[in-house]
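Structure, as structure tokens:
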Amino acid sequence: MKTWLITGCSSGLGAALAEGALTRGERVMLTARKPETLSDVVERFPETARAIALDVTDPASVKRAIASTEDVFGSLDVFVNNAASGSSARSRRCRQTNIGACSRRTSSA
């Protein structure tokens, strides 16, 4: 059983990836700016799903999400940087944050 941390789980690809992983019995830390929007998924998978707030443009928030995943599930095997934001500048900042977080995580593993 793998442990996933997936950003942007409130809709689209993030929601589909989380649903697929959970259906296969994997553990998933779902993230969204408003984690309360993920409560239905957590209720359907109470043993293997958790939801936390994550602002991918804030490196400290990314670090907290990684630490929370490891604290709750004991490990982190798959990190999916899926979150998106609206404006071009925000989108660029988001990509830089996601790539930086992933790169920092990979280099510390």
Problem set entry | Evaluated over the stretch 1-57, the Cα radius of gyration and Dmax, each in Å | 9.9, 30
Seminar exercise, completed: Amide H neighbours of residue 83 at under 5 Å, excluding residues fewer than 5 places away on the same chain, with H built from the backbone geometry, are 7, 8
Seminar exercise, completed: Karplus-derived 3J(HN,Hα) from phi for the stretch 56-73 (6.51 cos²θ - 1.76 cosθ + 1.60, θ = phi - 60°), whole Hz, x at Gly and Pro, runs 5, 8, 10, x, 5, 5, 5, 4, 5, 5, 5, 4, 5, 4, 5, 5, 6, 9
Exercise. Given H placed 1.01 Å from N in the peptide plane, which residues other than close sequence neighbours of residue 28 have an amide H under 5 Å from its amide H?
Worked result: 4, 49, 50
Exercise. Which of the peptides 45-54, 1-10 is most tightly packed, and how do the rest follow, judged by the mean count of other Cβ atoms within 10 Å per residue?
Worked result: 1-10, 45-54
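Every number here is computed from the coordinates shown, using simple stated rules; none is lab data. As the structure is a prediction and not an experimental result, all values here were calculated from the model. Backbone-built Cβ (ideal geometry, glycine too); neighbour counts: all protein chains shown.
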